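Dumping the structure here so I can ask a few things about it.
No value in this document is a laboratory result; all are computed from the given coordinates. Just so you know, these numbers come straight off a predicted model, no measurement behind them. Neighbour counts are summed over all protein chains in view; Cβ atoms, including those assigned to glycine, are modelled from backbone coordinates with ideal geometry.
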Amino acid sequence: MTSVTEIHSTHIGPQTGIEYASRDEITALQIARAKNTLRHAYFNVPHYRKAFNETGVHPDDFRELSDLANFPFTDKEILRSEYPFGMFAVPQSQIVRLHASSGTTGRPTVVAYTRNDIENWSDLVARSLRAGGVRAGDKVQVTFGYGLFTGGLGAHYGVEKLGATVIPTSGGQTERQIQIMNDFQPDAILGTPSYMLTVLDRMRADGVDPRETSLRVGVMGAEPWTEGMRRDLEDGFGIDATDIYGLSEVMGPGVAQECVETKDGLTIWEDHFYPEIIDPETGAVLPDGEYGELVLTSLTKEAFPVVRYRTHDLTRILPGTAFSMRRIDKISARNDDMIILRGVNCFPSQFEEIIVEDKTLRPRYQCILSKRGRMDHLTLAVEHAPGCSAEDITLAAQRLSKQIKDRIGVSVQVDVRERVESGEGKAKRLLDLRNQ
Ligand code: DLL
């Protein structure tokens, strides 16, 4: 059994863990582990064997990390077509857990974990939370949903592994969350940034000062959020808020995490994942520093290895700062959330950046795409702050549409409302009604 002191010596205090290893050591580890993963996938998952054979590559062709570019991509469509268990690389008797990601359409993707996979995942979430400012001995309220979604249980095991106390409230029931926060006095809270905003607003509406809670840090993720949203949450609760990234297909939360001391992007835990950035159009691998789509290869997963999984998340790779492992920039968008309005490409996060600057507005918003004749039409529904007059609302709408026109170059219809439902888990920022 790993004791709390051992966790301390690995992830805390002396900088001796793998996160601080030299680049050469990390590269050597990645080569050895990527080779194992390619062999494991090829010999145990029919899809990978077929795809490698069709591309004319074999795991033995892999000698250095750049060779990975010769291997085929994997995407969500492939995982869906193998629904439910076709991509598993071990017999079912070795699988201790299943999760699934709902996806917006059709079949979910089902992912599996062996006991070792759960151990590694818990270690990585513990490492992430530590980097994000949570400490052994803290009480941690987990508001990510528990169930097939990886957020709740993934965070839960990591909190325990860190040696902290988990308060598994799961998502929703905001009044109860606030009551528990008041009674149990947590030091840290984990959840989606949009839900954290809901909690903040509810406290204010109930006359509770959110800066008076026991909270010191928040570790938030599962959806894109801007620096402006971070400022709102940090100032609102009087906490440090850091960003946690992950996706079910690659593991769940804890693939990358922002460091509380630097808040300068998220360190990718490169001992377990190999990142590439590609041009989403051509599939070509781009050099570090250039923006594109993040592609991830798992390096240690047993039950569900993934080779060159296309995340659709847009970012760039940056050199390490707090750790020797490389970072990714905060993910501001997914390429499937891109809105093209009369030829101009834009993302919901660009609207968010403008919304958070206006104190009359709340960063609770939704982009609604519809058809006006043959043209695409975008309505931006945004919530206003409490206590606004009709005139305040009209002026705020005018300011916002002008700012959007000036800064992004598109015309949108702004609809300032008292409420915009963004859900209790991940906020759905884009509603596409064009085919209805
Ligand atoms: O959202 C896992 C997770 C849970 C991550 C809790 C962090 C915290 P999925 O439901 O499979 O898994 O969704 C994965 O969510 O490809 C991104 O588009 C988005 N996403 C996750 N974290 C972030 C983040 C979980 N920090 C998809 N910033 C990913 C931006 C994020 N987008």
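Which of the listed residues, Gly373, Ile167, Trp269, is farthest toward the dipole's positive end in the chain, when Lys, Arg count +1 and Asp, Glu count -1 at the beta-carbon?
My answer, from the dipole projection, is Gly373.
Then there is this: Let's see if you can work this out: charge +1 on each Lys and Arg Cβ, -1 on each Asp and Glu Cβ, no other charges. What is the dipole magnitude of region 281-436 about its Cα centre, in debye to the nearest 20?
240 debye
Just rank His384, His58, fewest to most, by other beta-carbon atoms within 10 angstrom.
So the residues, fewest neighbours to most, are His58, His384.
Oh, and also: What are the lysines whose alpha-carbon lies under 22 Å from the alpha-carbon of Lys359, with same-chain residues fewer than 8 places away excluded?
Here the lysines satisfying the reach criterion relative to Lys359 are Lys402, Lys405.
Which is farthest toward the positive dipole end of the chain among Met196, Ala241, Ser81, measuring Cα position about the Cα centre, with Cβ charges +1 (Lys, Arg) and -1 (Asp, Glu)?
Ser81
Quote the charge dipole size of the chain about the Cα centre in Debye, to the nearest 20; the model charges only the Cβ of Lys and Arg (+1) and of Asp and Glu (-1).
Dipole magnitude for the chain comes out near 900 debye.
Please give the net charge around Gly228, taking every other residue with its beta carbon less than 12 angstrom from that of Gly228, where Lys and Arg add +1 and Asp and Glu add -1.
Every neighbour counted, the sum reads -3.
Name the residue farthest towards the positive end of the dipole of the chain from the options Leu318, Phe43, Asn116, assuming +1 on Cβ of Lys and Arg, -1 on Cβ of Asp and Glu, about the Cα centre.
Positive-most Cα among the choices belongs to Phe43.
Ok, one more. How many percent of DSSP beta bridges within region 338-432 run antiparallel, rounded to 5?
Here the antiparallel bridges make up roughly 60 percent for region 338-432.
Looking only at the chain, where both bridge partners belong to it, what percent of the DSSP beta bridges are antiparallel (to the nearest 5)?
Restricted to the chain, the bridges split so that about 65 percent are antiparallel.
Sort Tyr48, Tyr291, Tyr274, Tyr146 by Cβ crowding within 10 Å, fewest neighbours at the top.
With the fewest neighbours first, Tyr48, Tyr291, Tyr274, Tyr146 line up as Tyr291, Tyr146, Tyr274, Tyr48.
Is the C-alpha gyration tensor of the chain telling us rounded, prolate or oblate? Criteria: a/c under 1.5 is rounded; beyond that, a/b larger than b/c is prolate, otherwise oblate.
Judged from the Cα gyration tensor, the chain comes out oblate (a/c at least 1.5, b/c at or above a/b).
Under 8 Å for C-alpha pairs, at least 6 residues apart: give me the relative contact order for region 110-335, rounded to a whole percent.
17 percent
Over 20 Å between Cα atoms, which of Lys139/Lys161; Lys76/Lys301; Lys263/Lys428 qualify?
The pairs that break the limit, which is 20 Å between Cα atoms, are Lys263/Lys428.
Would you please put 121-127, 135-141, 281-287, 29-35 in order of how densely packed they are, using the mean number of other Cβ atoms within 10 angstrom per residue and starting with the highest?
Averaged packing, sorted descending, gives the order 121-127, 135-141, 29-35, 281-287.
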